[in-house]
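Single-structure report; data block below.
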Amino acid sequence: MTDILSGLNARQREAVLTTDGPVLIFAGAGSGKTRVLTRRIAWLLKQKKTTGNRVLAVTFTNKAANEMKERVTRLLGQVNYVNIGTFHSIGARILAEKPSRVSSSTIRTIRKVISQCLKATGTDPKELPPSQVMHYISGQKQQLRKPEAAEKAAKGKYMQEKMAFIYREYDREMQKNHACDFDDLLMRPLLMFDKYPAIAEKYRHRWDYILVDEYQDTNTAQFRLVRLFSEKHGNICVVGDDDQSIYGWRGADIRNILEFESTFPGAKTIKLEQNYRSTKTIIEAASRMIGANDHRADKHLWTEGEQGERILHKECERDFEEADYIANRILRSGQPLRDHAVLYRTNAQSRLLEKALHNRGIRYVLVGGVKFYERREIKDILAYLNVLVNPRDTVNLKRIVNVPARNIGEKSLGRLERFAAETRRTLWEAFQYPEEAGLHARARQALRGFMDIMVSLNGKMRELPPADFTVEVLEKSGLHAMYRDREDPELRDRLRNQEEFINDVKMFEKYNPEASIADFLQDVSLQTDIDQWEDSADAVTLMTVHSAKGLEFRRVFIAGMEEGLFPLERARLEKKEMEEERRLFYVALTRAMEKVTLTSARSRMQYGLLRDTRPSEFIAEIPETCLKSDRVARKPRRPAVRPSAAGFRNAAPPRDSGVIRPVRPPAPGSVHAGDRVIHKMFGKGKVKSVIRSSQTLLRIEFNNGVKKTIAEKFVEKM
């Protein structure tokens, strides 16, 4: 008993001991909410207020649920059966009971069913991608809208009407197969309770105490479930922080926590405001900044920790210089790599950061995402480019022939491969004989269309600079159109990654003006194949701010602190979204234990254009006593040229950053290990080793700490 309450501050102790009735625990960042939640469960059982199987604790991830189970077991010294799990696992248990027994489906199965529905309704996947339909259906289910309600709400809106119709077909198909998706695990129990009042009554009496973690992230369905579970006894305890509500885009409703006291009359509110994670400077900065939001509960986070360093805002001239600055600061910090996290608003920002860390041999882990060159949309672009450079590249040719979808299926591809083998042709050559290969009329027409595109692009490969040629490939192939003008956040991210890829090609083109697209592809392959990471568990963490929620690091960099990026431009259209962006920045700040560095670039390559930027307004909301700035002097800048319809071309050339330029490339094979060389982007360095194959590659250690494998023709011998 004593152990359960030991080490708790006054407010934490009150939260543990207030067992009966509705209780709202506002748990500020780093205030020990998991400790309170688990000790509260242990206290209920130790005091014999109930038994383990009469307690329900719900959270959002399996990891959090398992941690709660382990902590409760350690506190009680024995295994106690407590219903601790995610909302979805609880929903699955309910659905497993009669009369509604269903099986859950994988994302792959769900995509397949949606694709079948698109085909059955004659919908072109290029016009309406399956992922966009999935996003729409998920949103409808989170609002507890059945297909008929969705069709009614969509009336008069063409695209929504089409998606609502597909939703009806999808729902019919899933029910026919007794299958359910992720959102069904929440929606269907509620529908079952409406249909079978006796089952609903059973669950009103099923548990004596309900505990909900991260309550600010609950959506409509989750709110209705916990309210039903607690209707009879009223013993519901929710823990959360409205200032960390950052999932509105996926259905979370901040009103659930802000209106808790009116929803559950007589509720007691307890505020955990003492922070055990961050310095006083970080806490004051975060508290003052989040205070600009109107829709929030009144809280005052504080700490007994040391004052700590002021937050640094470092402004760089260019976006790639920002990434280099972060990498160099980590390299020279003298601290373990695991102590550092680099956070950013959008996944596309990781490309420059990954490259800067990679070039310096700094190990990193990418959390909540896929490394830039391993993302599907990037591998698709690279596959097209590789085939255009080398039509004998069978692996990449098979990847792209039906991307975007062209009605060239596995059977047609199999016939083409057999024909190629029988006639001793390459697959590319076989593609030119669709009739002889035995393809049906529709597949023959689709294959001819594909080959027309590839032949046309091949003719332009030598006419256009690498970046312009890549834009042409994106447009002519249809890869850009796959993600353009879509509402689905996943598709918007893929579009941003395509645009960031163009920036990458432009950057390569700037520093290698005589290089071809083949040279760029080789540079990419060197980054991903030849350079090796140090094999160590110690690594810098790269992640979006959304992925960082619930984590902590000694030193945190928040990159891209610019208007239009953080906060996002579209957030300005609605106050509600702007407040969520501010909460997101609050989450980013409060991940740090000791040191925060905010970085921004005076100009950033976006959509193939070099654009002027200005620092995020969120920086100005940090008190001057908590902030120090290191900014570049502002000079008049020539405006960027507007993009063409393609979205990328005619960009103003990148500004010269004053780096050393090579004058005379060395004679082939004249550079040896130990020689000093100069590279246009990385400056001076020493050749550590030489790889001689179809062309000479140099492993160079540059004076600025970068370790890079570079083709001999791109350096100058000193």
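The values are calculated or read from the model by the stated rules, or taken from the named source; none is laboratory data. Everything quoted here is computed from the prediction, not taken from an experiment. Quick reminder, even Gly has a Cβ in these numbers, built from the backbone with ideal geometry, and neighbours come from all protein chains shown. The accessibility values were calculated without ligands, DNA or RNA, using every heavy atom of the protein model including side chains. Shrake-Rupley method; radii C 1.70, N 1.55, O 1.52, S 1.80 Å.
If we scan the stretch 591-610, do we find a residue that is farther than 30 Å from A383 by Cβ, of a type in the set (G, A, S), in a loop (DSSP other than H, G, I, E, B) and at pLDDT below 95? The answer is no, given that none of the residues of the stretch 591-610 is farther than 30 Å from A383 by Cβ, of a type in the set (G, A, S), in a loop (DSSP other than H, G, I, E, B) and at pLDDT below 95.
Please work out which residue is nearest to D519 (Cα to Cα), limiting yourself to the stretch 686-695 and to residues that are at pLDDT below 80 and not small (G, A, S).
Q695
Look at T18 and say whether it is at pLDDT below 85, more than 18 Å from G550 (Cβ to Cβ) and surrounded by fewer than 17 Cβ atoms within 10 Å (Cβ to Cβ). In short, no. Check the stretch 174-186 and report whether any residue there is of a type in the set (A, V, I, L, M, F, W, C), open to solvent by less than 10 Å² (accessible area, probe 1.4 Å) and touching a Pro at 6+ places or on another chain (Cβ under 7 Å). No, there is no match, as no residue in the stretch 174-186 is of a type in the set (A, V, I, L, M, F, W, C), open to solvent by less than 10 Å² (accessible area, probe 1.4 Å) and touching a Pro at 6+ places or on another chain (Cβ under 7 Å).
Residues of the stretch 133-150 that are among the polar types (S, T, N, Q) and surrounded by fewer than 20 Cβ atoms within 10 Å (Cβ to Cβ): S138, Q142, Q143.
What number of residues in the stretch 405-429 are closer than 26 Å to A481 by Cβ, open to solvent by 40 Å² or more (accessible area, probe 1.4 Å) and not in a helix (DSSP H, G or I)? Residues in the stretch 405-429 being closer than 26 Å to A481 by Cβ, open to solvent by 40 Å² or more (accessible area, probe 1.4 Å) and not in a helix (DSSP H, G or I): 2 in total. Just one of the listed residues (R496, R492) is open to solvent by 30 Å² or more (accessible area, probe 1.4 Å), touching a residue at least 24 places away in the same chain (Cβ under 8 Å) and not hydroxyl-bearing (S, T, Y), namely R496. Can you find even one residue in the stretch 257-266 that is under 28 Å from T544 (Cα atoms) and not in a helix (DSSP H, G or I)? Checked against the condition, which is being under 28 Å from T544 (Cα atoms) and not in a helix (DSSP H, G or I), the stretch 257-266 yields no hits at all.
Scanning the stretch 430-460 for residues that are open to solvent by less than 50 Å² (accessible area, probe 1.4 Å) and of a type in the set (A, V, I, L, M, F, W, C) yields A430, F431, A437, L439, A443, A446, L447, F450, M451, I453, M454, L457. Scanning the stretch 298-322 for residues being in a strand (DSSP E or B), out of contact with any Pro (no Cβ under 9 Å at 6 or more places or on another chain) and within 30 Å of M507 (Cβ to Cβ) gives a total of 5. Considered as a group, the residues in the stretch 350-398 that are over 18 Å from the mean Cα position of the chain (by Cα) and of a type in the set (S, T, Y) include one that is surrounded by the most Cβ atoms within 10 Å (Cβ to Cβ), and that residue is Y384.
Counting only residues that are in contact with a helix residue (DSSP H, G or I) (Cβ under 7 Å, 6 or more places away or on another chain) and at pLDDT below 90, the stretch 437-457 holds 4 of them. Answer yes or no as to whether R655 is open to solvent by 50 Å² or more (accessible area, probe 1.4 Å) and modelled with pLDDT under 75. Taking the combined requirement at face value, the residue satisfies it.
Of all residues in the stretch 185-208, those that are touching a residue at least 40 places away in the same chain (Cβ under 8 Å) have Cβ atoms under 6 Å from Cβ atoms of residues that are assigned to a helix (DSSP H, G or I) and among the small types (G, A, S), 6 or more apart or on another chain, in L185/G91; L185/A92; L186/G91; L186/A221; M187/A221; P189/G91.
Just so you know, in the stretch 77-92 the residues that are within 30 Å of Q216 (Cβ to Cβ) and either at pLDDT below 85 or assigned to a strand (DSSP E or B) (or both) include one that is nearest to the chain's Cα centre (by Cα), and it is T86. The residues on offer are V23, V55, V36, and the sole one that is touching a Lys or Arg at 6+ places or on another chain (Cβ under 6 Å), surrounded by 19 or more Cβ atoms within 10 Å (Cβ to Cβ), closer than 15 Å to L211 by Cβ and at pLDDT 90 or above is V23.
Any chance you could count how many residues in the stretch 274-297 are open to solvent by 30 Å² or more (accessible area, probe 1.4 Å) and either part of a loop (DSSP other than H, G, I, E, B) or under 17 Å from F585 (Cα atoms) (or both)?
10
Would you be able to say whether some residue in the stretch 394-416 is of a type in the set (D, E) and in contact with a helix residue (DSSP H, G or I) (Cβ under 7 Å, 6 or more places away or on another chain)? No: the stretch 394-416 contains no residue that is of a type in the set (D, E) and in contact with a helix residue (DSSP H, G or I) (Cβ under 7 Å, 6 or more places away or on another chain).
Being β-branched (V, I, T), part of a helix (DSSP H, G or I) and under 30 Å from K280 (Cα atoms) is the filter here, so list the residues in the stretch 1-59 that pass it. Scanning the stretch 1-59 gives I4, V16, T34, V36, T38. Within the stretch 521-554, being assigned to a helix (DSSP H, G or I) and either at pLDDT below 85 or exposed (fewer than 15 other Cβ atoms within 10 Å of the Cβ) (or both) holds for L521, Q522, D523, V524, S525, L526, Q527, T528, D529, I530. Listed by first and then second residue, the pairs with beta-carbon distance under 8 Å, at least 6 apart or on different chains, first residue in the stretch 222-248 and more than 16 Å from E201 (Cα to Cα) and in contact (Cβ under 8 Å) with a residue 12 or more places away in the chain, second in a strand (DSSP E or B) and of a type in the set (G, A, S), are V239/A27; G240/A27; D241/A27.
Take K379 and tell me if it is within 30 Å of G459 (Cβ to Cβ) and without any contact (Cβ under 8 Å) to a residue 40 or more places away in the chain. In short, yes.
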